[in-house]
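Heads up, the thing below is written out as structure tokens.
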Amino acid sequence: MKGTCQQFVARRLAAALGALALLASCTTEVENLRPAQQLAAQREQPPGSVYLGWRIFQDKCARCHGAAADGTALTPNLLARMSDVGPHRFASLVLLRYDWEGLPAQVRNDSAARDALLDDIVARRSPVQPMPAWQGEPRVVAHILDLYSYLAARSDGTQGRGRPAP
């Protein structure tokens, strides 16, 4: 009788330990999913700050592309173009692709002269010029991913026309 009782207790203890191990592995799997889900959510968000991108956009880009990045009579709607542009391509386009090579050296090298030309273009007192390459502008270079983040958020509808929260 004593052996049978010990066998019964041993079987019950083994079953309890098995159930505990199963429960522990389920808990571990659920807890391990949380960091993975957080990483996946971060991957879906563009790198950079929407707020900082908005600030740089207002300072450097809004004059030509409109305060909400939806274009003007002279410039394209940037939001329509963001859906198939990733951060790497965006940086390449903005920093390297466009340039004002045909402009006089004074305008290319003098930010006040460039600003005056932009004012003339926007006021339609001067013919439209191609977009400048921004690789020489330190604020644009430093915040290129912030610009991307702002424009991507405007394009996908997660950021409205107004000022984003800091």
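The values are calculated or read from the model by the stated rules, or taken from the named source; none is laboratory data. Quick caveat, the model's predicted, so the values are computed rather than measured. All Cβ positions, even for glycine, are placed from backbone atoms using ideal geometry, and neighbour counts span all protein chains on display. Surface accessibility is based on the protein's heavy atoms, side chains included, excluding ligands, DNA and RNA. Shrake-Rupley method; radii C 1.70, N 1.55, O 1.52, S 1.80 Å.
The table below gives the values:
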quantity: Options Leu79, Leu93: the member that is modelled with pLDDT of 65 or more, under 14 Å from the mean Cα position of the chain (by Cα) and surrounded by 13 or more Cβ atoms within 10 Å (Cβ to Cβ); calculated: Leu79
quantity: Given (1) at pLDDT 80 or above; (2) open to solvent by 30 Å² or more (accessible area, probe 1.4 Å), index of the condition Gly53 fails; calculated: (2)
quantity: Residue within the stretch 112-121 that is basic (Lys, Arg) and either at pLDDT below 85 or under 15 Å from the mean Cα position of the chain (by Cα) (or both) present; calculated: yes
